[in-house]
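The values are calculated or read from the model by the stated rules, or taken from the named source; none is laboratory data. Note that this is a predicted model, so its numbers are computed, not measured. Don't worry about glycine lacking a Cβ; one is built from the backbone with ideal geometry, like all the others, and counts go over all protein chains shown. Note: accessible area is taken over every heavy atom of the protein model, side chains too, but ligands, DNA and RNA are not part of it. Shrake-Rupley method; radii C 1.70, N 1.55, O 1.52, S 1.80 Å.
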Amino acid sequence: MVANVVERSRQPEGRTGKPARAFYSDQHMTAESTGLVAVNVTIRDIVDIDGVQELDKAGGRGKAVTKATRIALAQAAERLFKRAFALEIDHLVGAYRVILRESLVRSDDPAIQSALNRARLQERILSSTSMIDQTEACELLGLSKSNPSATMRRKEERGEVLRFSIEGRAAYPFFQFDVESRRTYPVISRLIEMKPESWSDFRLLYWLTRPHVDFEGAPEAMLGSDPDGVVAAFEREIEPAVHG
């Protein structure tokens, strides 16, 4: 793995044809394992000191920008760059973690490779599904938010809701909530009950969120309008597993 962050200054031309002060950074991230993954980011915040001075003179004031003003403007530009760069890094951290998990771990053991492939698929499924946390789930359901963990745990134990864990925190697919009625769609309980032992919650989530031939889109969009159709489609999906 190679991660390089380079911060430097250069001298582009200002309005007067003289060099203007600029601060920028080129960020290059590379992950090497089964392939090469690189992320390049350039942030530029340029303060054209000589241009400011020229505009000042052209405005009829005739006062040149002092050395102290130049230094102050340069320092302000540098602070602006550092804030922008820090924000950009925050945005990249999540994506870079996924790159590391997917690209840096490899094994020749088929069992390990199969497990890694499942983990990567689960990562993609979760990242592509809108999720809410325990407090938000309680709010949508009209339940007390004083102890959302215990409240949602009871619903999980009764098989009323699909629950996943993202970075150690409970997460619930938003599509299973009937917002207008402040409940989870009743068909979710039926699907969880019907789910064969060989089916994980991830597999059910995958089935619910992928386009289905019976519907114009994914079954998740039909939980409220056609629950019986969703159940019938799921029955056909699991029939080989149920009857051998």
For an R0 of 35 angstrom, estimate the FRET efficiency from the Cβ-Cβ distance between residue 174 and residue 68 and round to the nearest 0.05. 0.05
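May I ask you to derive the relative contact order of the range 157-244, considering only C-alpha pairs under 8 Å and at least 6 residues apart, and to give it as an integer percent?
Numbers: 76 pairs, mean separation 21.0, N = 88.
Relative contact order here is 24 percent.
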With θ set to phi - 60° and the Karplus curve 6.51 cos²θ - 1.76 cosθ + 1.60, what are the ³J(HN,Hα) couplings of the range 140-148 in order, to the nearest whole Hz, using x for Gly and Pro? 5, 8, x, 9, 4, 9, 5, 9, x
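Using 0.36 nm per residue, how much length does the chain from residue 117 to residue 83 gain when fully extended, once their Cα-Cα distance is taken away? Can you show the working numbers first?
Working: separation 34, 0.36 × 34 = 12.24 nm, distance 3.74 nm.
Additional length available on full extension: 8.5 nm.
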Virtual spin-label span in nm between residue 225 and residue 136, 7 Å along Cα→Cβ: 2.4
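Can you compute the FRET efficiency between residue 197 and residue 126 using 1/(1 + (r/R0)^6), with r the Cβ-Cβ distance and R0 = 22 Å? Round to the nearest 0.05. List each step's numbers first, then the result.
On the way: r = 22 Å, r/R0 = 1.01.
Once the sixth-power term is evaluated, E becomes 0.50.
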Please give the per residue accessible area of the range 166-211, computed with a probe of 1.4 Å over protein heavy atoms only, in Å². 56
Non-local residues with an amide H under 5 Å from the amide H of residue 131, with H modelled 1.01 Å from N and Pro and chain starts lacking one, are 174
